[in-house]
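Enquirer: The following block contains the structure, expressed as structure tokens.
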Amino acid sequence: MKQEFSDTRPQMWSADEIRDLILYAQDLQKQVDEKSAQIIMMDAKLKNEEAKVKKLILTINYLTNAGKTNGS
């Protein structure tokens, strides 16, 4: 009785498929890099705005307390 074996070798990829996969991976990496840059920029803007708020709070507190010490 003749036994039949299924082909268990891995699928072979064509050069075009490999090229397309490489290009896709490179595109994904570019998108990740762009998003990372956007996050860094947004974080810097957030820290700048937080510093402005802190400065305004300190100014308001100073002005509020200065009015109390002057008898107002």
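Enquirer: No solvent, one uniform scatterer per C-alpha: report log10 I(q)/I(0) for region 5-58 via the Debye equation at q = 0.17, 0.19 1/Å, two decimals.
Expert: Log-scaled intensity ratios, in q order: -0.73, -0.79.
Enquirer: Students often forget the sequence filter, so: which lysines lie under 29 Å Cα-Cα from LYS35 once same-chain residues fewer than 8 apart are removed?
Expert: Straight-line reach from LYS35, under 29 Å: LYS45, LYS47, LYS52, LYS54.
Every number here is computed from the coordinates shown, using simple stated rules; none is lab data. The structure displayed is predicted, hence computed values, not measured ones.
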